[in-house]
Each structure stands twice: as C-alpha cells, then as structure tokens.
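For reference, the structure discussed in these notes is given below.
The values are calculated or read from the model by the stated rules, or taken from the named source; none is laboratory data. Small disclaimer: the values here were computed from a predicted structure and weren't measured. Here the Cβ is made from the backbone with ideal geometry for all residues, glycine too, and neighbour counts use every protein chain on show.
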Amino acid sequence: MQTTRSEILIRKADHILTMDDTRAEWRGADILIRGGVIAAIGPDLARSHPDAEVLQAAGCVVTPGLVNTHHHLYQSLTRAVPGGQDALLFGWLKTLYPIWARFGPEEMRVSTLTGLAELALSGCTLSSDHLYLYPNGSRLEDTIHAAAELGLRFHPTRGAMSIGQSAGGLPPDDLVEDEAAILDDCIRVIDAFHDAAEGAMCRVGVAPCSPFSVSRELMRDAALLARDKGVMLHTHLAENDEDIAYSLAQFGCRPGQYAEDLGWTGADVWHAHCVKLDGQEIDLFARTRTGVAHCPCSNCRLGSGVAPVRAMRDVGVPVGLGVDGSASNDSGNLMLEARQAMLLQRVTLGADRMSAREALEIATRGGADVLGRPDVGRLAVGKRADIAIWDVSGVESAGSWDPAALVLAGPVRVRDLLVEGRRVVREGQLATIDLPRVLEDQRRLARALAG
C-alpha cells in the first residue's frame with residue numbers, strides 16, 4: 001500500500017478507549033491518521049504503513065479529545081478575586097461586573113489564550129465559549145483569532161446582556177447593549193466566521209446571557225435568528241435557587257416553561273448548569289433533545305447545588321461537561337471536571353451511580369453530541385483525528401489495576417494532543433504558542449486590573 005509522511009501512526013497504545021457506537025476498547029493497538037481523519041484502528045498497522053510518522057504510545061491510554069461545552073474564557077483574568085471568593089451567584093456577579101467593564105481587546109485575546117492553553121493541557125480539543133460582554137471595543141473575533149492561533153476547535157457564542165440595573169436587571173447599565181445592535185452583530189459574526197461543514201474548526205452560536213439579563217423579546221428574536229442562520233443556541237438556565245425565584249417572580253413560571261415558551265428547546269439548544277431542573281423539566285429536555293452543559297466544580301464553588309445528571313441521562317437528556325468561567329471554578333481542567341461529576345453523583349446517590357468510564361464518556365462523546373458534533377468525541381474510522389494521549393506510567397497511575405479508569409487513578413495533564421491530526425501538545429508542552437510569554441502578559445493585565 002502506498003503511503004506518505006502525511007500519515008501519522010499512534011503505535012502500540014496500552015489501551016484505547018474509543019467511545020464509538022459500541023464503546024469498543026483496544027489493547028496494544030494502533031491508530032492511523034490521514035488528512036486529519038482517523039483512517040484505521042487495529043493491531044500492527046505499521047506493517048502496511050511503513051512510511052507513516054510514528055507517535056509511540058506504549059505506556060499510554062488513548063482517548064478522544066475532551067469536549068468543553070461551557071466556558072467564559074475572559075474570566076481567566078479574574079481568578080480568586082477576594083470579594084467574590086465566598087459569594088453566591090448574584091453577589092459574585094455584582095462584585096465582578098465593574099472589573100470586567102474595564103476589559104478591552106487585549107484582555108479578551110490574552111485571557112482566551114490562557115484559558116484555552118489550560119484546557120488543551122488537560123486533554124481538551126474542542127471548547128465552546130460564552131462571551132456576553134463587549135466593553136471598550138472588544139469583539140467576538142478577539143477570541144476567535146486566539147483560538148485559531150492556539151489550534152483548538154472552537155465554538156464561540158455571541159452572548160449579550162440588554163437589561164441593566166435601572167431596568168430591573170442584574171448587570172450595570174454600562175455593560176448592556178441595544179437589542180437591535182446585538183442581533184445585527186450576531187448576523188455579522190455568523191456570516192464572517194461560522195463554518196457548518198464537517199470538520200469545521202469554528203462554529204458560531206447565539207447566546208443571550210440569561211433570563212435575568214435580557215428581555216423575553218430578545219430571547220425569542222435570538223431563537224428565530226439562530227434557526228434562520230442554522231446555528232445553535234446557548235444560555236444559562238436554572239443555575240441556583242436565586243435563579244428559580246427570579247423566574248417565578250418575573251415571569252410567573254419555572255425556567256423550563258420559560259425556555260419552552262420562547263423557542264429555547266430542541267436539539268439545536270444547550271443550557272448551562274440546569275442544577276435546579278425538576279422532573280417535568282427533565283422530561284421536557286429529554287423529549288426535545290435539549291442539551292445540558294454540566295459544570296460540577298463551578299456549581300460547588302458557588303454553592304449552587306448538584307445537578308441531577310443521573311436523572312437526566314437515564315431519560316436521554318444529552319449531557320456534556322463544562323469547566324465554566326475561571327472566576328467561578330477557579331480552574332479549567334476538564335479531566336478534573338469529569339472526576340468531580342462522577343464524585344457528585346456518587347456522594348448524592350451511591351457509589352454505583354456513575355462509573356469512571358461513564359464520566360469520561362460525558363467528557364468526550366457526550367459533549368460532542370451536545371454541541372452537534374458527531375464528527376468528534378469518539379475514535380472511529382472517518383471521524384476527525386482529535387485525540388488525547390495520556391501517559392499512565394507515572395505516579396498517578398502506579399499500582400492501578402485498570403489504567404483506563406483515568407478518572408479514578410490517572411494523570412490530569414495530557415502527554416500529547418492532536419486536533420485535526422495536528423500536534424497542539426507535544427510531550428506535555430504546548431507546541432503552537434509561546435506559553436511563557438502569554439502567561440507574562442496575563443499576569444501583567446491581571447495586576448493592572450487589580451491595581
């Protein structure tokens with residue numbers, strides 16, 4: 001068989017967790033990549049592809065790249081802010097809004113590079129982002145260009161806030177936008193950057209921030225616009241008890257009913273958090289295939305509660321993982337997020353209610369399905385070559401009888417990461433950007449904001 005150096009062979013992995021339709025697992029097998037796509041999985045592929053570039057994977061577990069379904073990347077510049085460290089959601093937001101109002105394009109770019117670098121090092125190959133404020137000339141493309149520079153697959157969403165404090169909303173008036181201008185800019189960024197093709201590196205979504213920061217009219221118009229353009233919808237929903245109380249007081253209904261009334265259910269919609277969904281709302285999401293971005297660390301950090309993930313998955317609600325913003329986590333490690341998701345279901349429901357492999361499935365295939373990306377999140381012939389290689393020869397896995405149970409006893413930093421077959425992380429280091437320089441910029445900007 002004729003081969004070229006454009007082929008990459010991941011060779012002799014100790015264990016391959018495919019997360020394919022049969023959840024197949026391989027031992028001592030290879031993965032062949034050609035043109036950014038998985039061309040074959042099986043033993044001894046080197047014999048028929050002697051000219052392929054070889055990436056040795058002995059002593060490693062190979063998984064699909066992890067998928068992050070909810071983030072606010074700009075918040076990586078405001079980690080552990082003292083006034084917000086011990087606050088509930090609404091008080092936390094009121095502490096941080098004035099700081100975020102001082103951001104500009106440089107803050108958006110550098111914070112995005114920092115946040116995506118952290119994700120990549122934790123095995124993430126695809127991340128969404130929810131950017132809902134645009135102070136001082138900031139634009140969504142500040143984040144899009146940063147993601148392209150780093151090389152991660154990216155689903156930015158054009159968020160927005162339109163109801164300020166003077167009109168009964170939560171954000172300060174200087175951070176809200178005119179609703180007609182919001183919709184016009186959604187059209188602009190979709191037309192400029194959205195790629196609907198299989199294997200797309202950038203897809204844009206429409207994402208009004210939350211029911212407590214935009215009007216019902218904007219929620220409805222955003223849904224109509226997104227469906228006209230063929231893009232997905234995203235927002236926060238039912239995050240904590242304050243959120244539920246606000247919905248009942250302002251709209252006379254629970255968040256699930258609010259979402260359904262305004263066109264915010266369906267396979268083209270995913271909601272962040274959903275900690276306080278009740279049984280009827282879970283059934284609604286299952287019937288309509290509405291997705292959920294589960295953010296366990298953020299929910300713990302803000303005291304919001306434990307999302308009913310077991311109940312959601314048992315009735316077919318699509319569930320993925322999200323690290324949420326770095327100001328409410330305050331980390332961005334997706335493997336740690338998967339472990340936290342597993343532990344929370346166990347501590348509330350019992351140790352047999354979520355396995356390590358199920359948690360990893362939610363972090364890979366689950367997240368890809370929530371984002372409408374059946375071309376990633378699993379390792380199978382014809383799928384994109386978004387692949388994480390985990391070295392299990394270190395201290396974290398020493399003594400493990402099942403090294404593939406990564407969420408229980410495994411590394412939380414990836415050895416190698418490929419996106420579309422291109423190396424983004426090489427031997428534990430970012431291969432695409434000068435990370436020390438980015439971090440120097442990040443620290444400089446953080447000091448200026450704190451000062």
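Within the option set LEU406, LEU435, being touching a residue at least 60 places away in the same chain (Cβ under 8 Å) and outside the structural domain of LEU17 (by TED's automatic domain parsing) holds for one residue only, LEU435.
Just to confirm my filter: which helices (runs of 4 or more DSSP H) fall fully inside region 244-353 and include at least 3 residues that are of a type in the set (A, V, I, L, M, F, W, C), farther than 28 Å from ALA388 by Cβ and outside the structural domain of ALA388 (by TED's automatic domain parsing)?
Working: elements: 255-261, 279-288, 296-301, 309-314, 334-349.
Helices (runs of 4 or more DSSP H) meeting the threshold: 279-288.
The condition of being modelled with pLDDT of 95 or more, over 12 Å from CYS60 (Cα atoms) and assigned by TED's automatic domain parsing to the domain that holds VAL204 holds for only one of LEU417, LEU360, that being LEU360. For region 192-211, the set of residues classified as loosely packed, with under 14 Cβ neighbours inside 10 Å and either in contact (Cβ under 8 Å) with a residue 12 or more places away in the chain or farther than 25 Å from ARG384 by Cα (or both) consists of ALA192, ALA196, GLU198, listed by residue number.
Take ILE282 and decide whether it is farther than 22 Å from LEU371 by Cα, crowded, with 17+ Cβ neighbours inside 10 Å and either free of Cβ contacts under 8 Å to residues at least 60 places away in the same chain or aromatic (Phe, Trp, Tyr) (or both).
Details: farther than 22 Å from LEU371 by Cα: no; crowded, with 17+ Cβ neighbours inside 10 Å: yes; either free of Cβ contacts under 8 Å to residues at least 60 places away in the same chain or aromatic (Phe, Trp, Tyr) (or both): yes.
No, not satisfied.
Test ALA245 against the stated conditions and say whether it is over 22 Å from ILE182 (Cβ atoms) and among the aliphatic types (A, V, I, L, M).
Values: over 22 Å from ILE182 (Cβ atoms): yes; among the aliphatic types (A, V, I, L, M): yes.
Yes: the conditions hold for ALA245.
Please tell me if GLY451 is at pLDDT below 95 and over 21 Å from the mean Cα position of the chain (by Cα). Answer is yes for this residue. Could you say whether any residue in region 127-146 is of a type in the set (A, V, I, L, M), assigned to a helix (DSSP H, G or I) and at pLDDT 95 or above? Among the residues of region 127-146, at least one is of a type in the set (A, V, I, L, M), assigned to a helix (DSSP H, G or I) and at pLDDT 95 or above, which makes the answer yes.
Given SER162, SER166, SER138, which one is more than 18 Å from GLY104 (Cα to Cα), touching a residue at least 24 places away in the same chain (Cβ under 8 Å) and among the hydroxyl-bearing types (Ser, Thr, Tyr)?
SER162
Filtering region 409-432 to residues that are free of Cβ contacts under 8 Å to residues at least 60 places away in the same chain, buried (at least 16 other Cβ atoms within 10 Å of the Cβ) and charged (D, E, K, R) leaves only ARG423.
When PRO308, PRO296 are checked against the criterion of being out of contact with any His (no Cβ under 9 Å at 6 or more places or on another chain), surrounded by 21 or more Cβ atoms within 10 Å (Cβ to Cβ) and closer than 21 Å to HIS155 by Cα, PRO296 stands alone in meeting it.
Taken over region 1-55, the criterion of being over 20 Å from ARG365 (Cβ atoms) and among the hydroxyl-bearing types (Ser, Thr, Tyr) is satisfied by THR3, THR4, SER6, SER48.
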